[in-house]
Amino acid sequence: MDLTQLANLGEFIGGVAVPVTVIYLAAQLRHNSRTSRFSANVALHGKLN
């Protein structure tokens, strides 16, 4: 494997890693938003009772 092939492989891996990372980040943000809303609802419910 020469240097050009290694560079192409690295570029491919980087190109795949970026969308995977963005998808993972979106999933984590969605989970965090749900958890925050749930916690806020629990706190509000606790204050009302």
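Bear in mind that the values in this text are calculations on the coordinates, not laboratory data. Keep in mind that this is a model prediction, so the values were computed, not measured.
For the chain, find the longest principal axis of its Cα atoms and tell me its angle to the long axis of helix 3-48, 0 to 90°, nearest 10. It works out to around 0 degrees. Using 0.36 nm per residue and subtracting the Cα-Cα separation, the extra length available between Leu29 and Ile13 on full extension is 3.3 nm.
Each 5 Å bin from zero up to the one holding the largest Cα-Cα distance in the chain carries the following percent of pairs: 4, 18, 11, 11, 11, 8, 9, 7, 6, 5, 4, 3, 2, 1, 0.
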